[in-house]
Amino acid sequence: MEEMNKKPHVEGGDKEILYSKAIKAGKRIYYLDVKKNLKEDLFLAITESKKVQPRDGTQISFEKHKIFLYKEDFEKFMDGMNDVINYIKQQKADTKKLTSEPEEEENAGDIKLDIEF
């Protein structure tokens, strides 16, 4: 993922962007914007912007989805985010273990007999 910074600006006149980080990830760009509302409260606006190119060759557009996260929810959100990320990493590790080929034993061509008398 490639990260980009945006300069602070006012969007729509009522939500000032104080700090912003843009993260390029393939066809998507994630914007993490710290904003201030009219009551001077800070919050995080997370925007996913995805390039959409219709098959009929008409004009390219961008599909956007937004999430607003307020400071009183940051800790719970991060706990949940870390939990699901760790779950995904563990599933990926478990899948890798299952799909990897077993190591060949030494002397694999030898015939082994287990005989009890």
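Phi-derived couplings, Karplus 6.51 cos²θ - 1.76 cosθ + 1.60 at θ = phi - 60°, listed residue by residue for segment 26-36: x, 7, 10, 10, 9, 10, 10, 10, 8, 10, 10 Hz, with x used for Gly and Pro.
Straight Cα distances below 24 angstrom link Lys21 to the lysines Lys6, Lys7, Lys35, Lys36, Lys39, Lys50, Lys51, Lys64, Lys66, Lys71, Lys76, with same-chain residues fewer than 8 positions distant left out. The length gained on full extension between Thr47 and Ile88, counted as 0.36 nm times the residue separation minus their Cα-Cα distance, comes to 12.5 nm.
How much length is gained on full extension from Met81 to Arg55, taking 0.36 nm per residue of separation minus their Cα-Cα distance? Don't skip to the answer; put the middle values down first.
Details: separation 26, 0.36 × 26 = 9.36 nm, distance 3.47 nm.
Result for the pair: 5.9 nm of gain on full extension.
Each other residue within a Cβ distance under 15 Å of Pro54 adds +1 if Lys or Arg and -1 if Asp or Glu, for a net charge of +2. For the residues Tyr19, Tyr31, a 1.4 Å probe over the protein chains yields an accessible-area ranking, largest first, of Tyr19, Tyr31. Of the whole protein surface, Lys66 contributes about 100 Å² of accessible area at a 1.4 Å probe radius.
Computed from backbone phi, the HN-Hα couplings of segment 40-48 come to 6, 7, 8, 8, 10, 10, 9, 10, 9 Hz, rounded to whole numbers (Karplus: 6.51 cos²θ - 1.76 cosθ + 1.60, θ = phi - 60°; Gly and Pro given as x).
The values are calculated or read from the model by the stated rules, or taken from the named source; none is laboratory data. These figures come from a predicted structure and were not determined experimentally. Heads up, the Cβs are rebuilt from the backbone with ideal geometry, glycines too, and the neighbour counts pull from every protein chain shown. Just the protein is used for accessible areas: all its heavy atoms, side chains included, with ligands, DNA and RNA removed. Shrake-Rupley method; radii C 1.70, N 1.55, O 1.52, S 1.80 Å.
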